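Structure first, then comments.
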Amino acid sequence: MPSRFVKGVRRIGHRTINSLLRLGVASRFFVLVLLHSGSSFRRPHLIIKELFSTGVLSLIIILVSGLFVGMVLGMQGYDTLQRYGSEEALGVMVALSLVRELGPVVAALLFASRAGSAITAEIGLMKATEQLSAMEMMAVNPIARVVAPRFWAGVLSMPLLAAMFSAMGVFGGYLVGVKLIGVDEGSFWSQMQSAVDFQQDIVNGIIKSFVFGVAVTAIALFEGYDAPPTAEGVSGATTRTVVTSSLAILALDFVLTAFMFRGEG
Amino acid sequence: MERTTIDLWVGLFVLLGLGAILVLALKVGNLGGVNIADSYSVTANFSNIGGLKVRAPVKSAGVVIGRVSEIYFDGERHEAVASLKLDKQYSFSKDTSASIMTSGLLGEQYIALETGGDSAQLKEGDKIKITQSAVVLESLIGQFIYNKAADGGEGK
């Protein structure tokens with residue numbers, strides 16, 4: 001008769017093995033997606049169709065949130081900066097925080113909840129209604145036909161969405177800072193331009209959003225593909241997609257920032 | 001939805017995204033601004049560079065005319081060496097002096113060049129001989145207190 005202690009240890013072991021197993025399955029799935037990507041590039045209209053549903057349909061939420069985030073940054077930044085008499089640095093603050101951090105991260109979080117959850121629900125439902133099995137019966141590889149185009153559409157649209165978010169945010173900061181509060185327009189732009197470096201800030205921001213795009217889309221696809229084929233299973237998988245990919249974005253952001261911006265004053 | 005409408009929207013989406021990257025590069029970043037295509041580099045030794053950083057501006061009469069491209073330590077002379085990339089359209093005399101200044105009280109540090117009277121010009125790979133190091137606030141305060149103490153001693 002095992003004691004409670006042994007039972008507890010057993011449970012920990014069981015959980016560890018299970019999560020390792022899932023990680024292994026997820027990695028194999030990811031490699032399979034990459035291996036079957038070639039055929040989806042030979043039929044680009046599949047990717048274009050998915051670009052429409054992941055990219056174009058996320059446009060409104062990305063643009064509107066970018067504008068508002070930029071406007072709030074402008075207001076809060078002005079409030080703090082004017083205490084030190086350096087409200088001309090508002091442009092620098094808005095642009096750097098958007099291009100380096102907020103643009104990629106917030107756009108990716110919105111992307112995970114807008115497009116990632118939709119991908120998971122769609123693929124999970126396809127699995128639940130046995131559409132994926134039907135494809136296999138017809139000798140069509142569901143990973144090449146369904147999963148890979150969605151993966152590349154997500155990876156391609158994420159950097160574009162993040163760039164639009166940042167651009168809208170800078171515009172929002174400009175609206176509030178220059179038009180509403182009355183910071184000098186010339187120093188707003190010129191200080192911004194002298195402080196934001198193309199290589200250091202903008203390219204690194206784009207690299208970040210690219211990595212987030214890979215992470216979010218891969219997680220969403222795997223959760224959908226792995227979902228139990230029931231209504232409950234699909235809803236659980238959708239929730240897991242949003243939670244896991246949000247955590248992945250924030251953790252990856254920390255790692256990427258540590259690599260990109262260390263050794264700088 | 002029809003295929004052509006989807007194509008149109010996706011095309012618009014991609015154009016908008018690329019446009020946003022372009023706006024970030026040209027309007028927000030400095031890609032279109034002070035990027036020096038044609039440049040020559042000179043070096044300057046300083047006994048203390050303070051908080052000078054790579055990519056800090058090099059100014060003359062307050063106008064940005066170059067950037068600091070590299071900072072390293074000269075192990076033999078125990079001095080800091082800064083190499084400066086200067087715009088080719090501006091030339092400076094051989095006895096130009098370089099000093100490390102701070103913009104504002106707490107602002108970033110930059111190198112100010114002041115041209116001299118020599119008719120020979122600085123060329124690629126030349127070294128600026130007359131330099132003035134960064135002012136370190138602690139030593140300045142230390143000196144001030146020292147002078148104050150010395151004055152007080154004389155007054156008695």
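Here, each number is a calculation from the coordinates, and none is a lab measurement. Since the model is a prediction, treat every value here as computed from it, not as a measurement. FYI the Cβ positions are ideal-geometry reconstructions off the backbone, even for glycines, and counts take in every protein chain you see.
Label-to-label distance, B:VAL63 versus B:ASP95, with points set 7 angstrom from Cα along the beta-carbon direction: 2.4 nm. Ordering A:44-56, A:142-154 by mean Cβ neighbour count within 10 Å, with the highest value first, yields A:142-154, A:44-56.
A simple spin-label model places the labels of A:LEU247 and A:THR16 1.8 nm from each other, with each point 7 Å out along Cα-to-Cβ. Here's the picture: a label point sits 7 Å out from the Cα of A:LEU180 along the beta-carbon direction, and within segment A:60-90 the residues with their amide nitrogen under 12 Å of it are A:67-79. Estimated from helices alone, the mean residue ellipticity of chain A at 222 nm is -25000 deg cm²/dmol (sum of -39500 (n - 2.57) over DSSP H runs with n ≥ 4, per residue).
Here r is the Cβ-Cβ distance between A:VAL64 and B:LYS123 and R0 is 56 Å; the resulting FRET efficiency, rounded to 0.05, is 0.50. What are the trypsin sites (Lys or Arg not before Pro) within segment B:56-129 that DSSP puts in a loop, where the Cβ has at most 15 other Cβ atoms within 10 Å? Those that pass, being in a loop and sparsely packed, are B:ARG77, B:LYS88, B:LYS123, B:LYS129.
Under the simplified labelling scheme, the A:LEU57-A:ARG262 pair shows an inter-label distance of 4.1 nm, with each label point 7 Å from Cα along Cα→Cβ. Largest mean-square fluctuation among A:LEU23, A:LEU110, A:LEU161, in a Gaussian network model of chain A whose springs join Cα atoms under 10 Å apart, belongs to A:LEU23.
Annotation: the protein assembly as shown has a Kirkwood hydrodynamic radius of 25.5 angstrom, from the mean reciprocal C-alpha pair distance. Applying a threshold of 20 Å to the alpha-carbon distances of B:LYS27/B:LYS85; A:LYS208/B:LYS85; A:LYS179/B:LYS27; B:LYS85/B:LYS129; B:LYS59/B:LYS123; A:LYS208/B:LYS53 flags B:LYS27/B:LYS85; A:LYS208/B:LYS85; A:LYS208/B:LYS53 as lying beyond it.
Principal-axis analysis of the Cα atoms of chain A puts helix A:59-81 at an angle of about 40° to the longest axis. Picking from A:PHE222, A:ILE17, B:TYR90, whose Cα lies most toward the positive end of the charge dipole for the protein assembly as shown (charges on Cβ: Lys, Arg +1; Asp, Glu -1)? Of the candidates, A:ILE17 comes out farthest on the positive side. For chain B, the longest principal axis of the alpha carbon atoms and the long axis of helix B:137-155 meet at an angle near 20°.
Computed from Cα atoms, the angle from the helix A:117-128 axis to the main principal axis of chain A rounds to 10 degrees.
Both radii were evaluated on the Cα set of chain B; the Rg over Rh quotient, with Rh as the Kirkwood radius, amounts to 1.25. Shielding by partners for peptide A:48-55, expressed as the average number of C-beta atoms from other protein chains within 10 Å of each residue's C-beta, is 5.
Segment A:33-84 and segment B:76-151 have Cα centres lying 46 Å from one another. Values of log10 I(q)/I(0) for segment A:36-260 across q = 0.07, 0.15 Å⁻¹ run -0.27, -0.93, by the Debye formula with one identical scatterer at each alpha carbon and no solvent.
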